[in-house]
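Values quoted throughout were computed directly from the atomic coordinates according to the rules given, and no laboratory measurement underlies them. These numbers come from a predicted model, not from an experiment. When we count neighbours, we look across all protein chains shown, and the Cβ atoms used for this are built from the backbone with ideal geometry, even at glycine.
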Amino acid sequence: MNQKKLKRLTVEDVLQLGPCVKYRENDGAYTRGLFAGRESITLMDVLEMDIPPADAVWVASMIMSEPQCRMFAGVVALSVEPIFREQHPDDCRPLNACLAAINLAENPSDKTLAAAMAAAWAAAGAAAGAASWAAARASARAAAWAAALAAAWVSVGAAARAAAWDEKLLFLADVINWFNPED
C-alpha cells in the first residue's frame, strides 16, 4: 500500500475532529501517546492502533470521502443483509439498497444517486424500524458509522462482537485501499 497517497493526520487534526473526552483530556495526552512520536499518521495507521474498533471506525467516518463512506456503508450493510433475508426471504429491498450504495460509490452520477436514494427509501420501508429510517436519512458519514455499529452488535456474545468488529475493520481497510490503489 502506498501510504503517500493517503491523507495524513497530525494530533491536532485528530483533536479537531472532536473525539470523545478520553482522547481530548490533558491536552490530548492519550492521543499523543497513540502517535508514538510520529508527526503524522494515515487512516491505515489508525486501523492498526490499539484502540476500540468503534473509535477507529469513527475516525475513518470523519475523514473518508463521501464515496469511501458510501462504499463502507454498503459493504457493511451487505455483510448483515443475510440476517434480514432469513426473516424475509422474498424481500430484496435491503439487498438492492446495499448494491445501489456500492454502485454509487463506484460510479457517481445523478442517475446512480437517484437509484441509491430510491433503494434506500425502499429498504427503510422494508425494515420499518427507527434505525432504518435514521440510516436512510443520514449523511454518508453517519450511515457508515451506524452500519458498522449495528453490524458489530448483531452477533451474540463478546467474542462474536469482537470478530464482527474485526471483519468491519477489514472491510474498512479494503475500502481505503480501493480508493487509494498502489502505483
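Simple spin-label model, 7 Å along Cα-to-Cβ: residue 49 to residue 114 in nm?
Result for the modelled spin labels: 4.2 nm.
Give me the net charge of residue 15's neighbourhood, meaning all other residues with Cβ under 11 Å from the Cβ of residue 15; Lys, Arg count +1, Asp, Glu -1. Could you put the intermediate results ahead of the total?
Details: positive: 24, 32; negative: 12, 13, 25, 27.
Surrounding charge for residue 15 is -2.
Can you list residues whose amide H is under 5 Å from residue 17's amide H, if they're 5+ apart or on another chain and H is modeled 1.01 Å from N?
Placed amide hydrogens put nothing under 5 Å from residue 17.
What's the Cα-based Rg to Rh of the stretch 6-49, Rh via Kirkwood?
Over the Cα atoms of the stretch 6-49, Rg/Rh equals 0.93.
What does the charge add up to near residue 113, with Lys and Arg as +1, Asp and Glu as -1, over the other residues with Cβ less than 13 Å from its Cβ?
Numbers: positive: 70, 111; negative: 66, 106, 110.
Summing Lys/Arg as +1 and Asp/Glu as -1 gives -1.
Skipping prolines and chain starts, which residues have an amide H placed within reach, meaning under 5 Å, of the one on residue 64, given they are 5 or more residues away or on another chain?
none
Identify the trypsin sites (Lys or Arg not before Pro) of the stretch 1-63 meeting these criteria: DSSP loop state and at most 14 other C-beta atoms within 10 Å of the C-beta.
On the way: sites: 4, 5, 7, 8, 22, 24, 32, 38; in loops: 7, 38.
Filter output for the stretch 1-63: 7, 38.
Please turn the phi angles of the stretch 41-54 into ³J(HN,Hα) values with the Karplus equation 6.51 cos²θ - 1.76 cosθ + 1.60 (θ = phi - 60°), one per residue in order, whole Hz, x for glycine and proline.
Once rounded to whole Hz, the list reads 9, 9, 4, 5, 4, 4, 5, 8, 6, 7, 10, x, x, 4.
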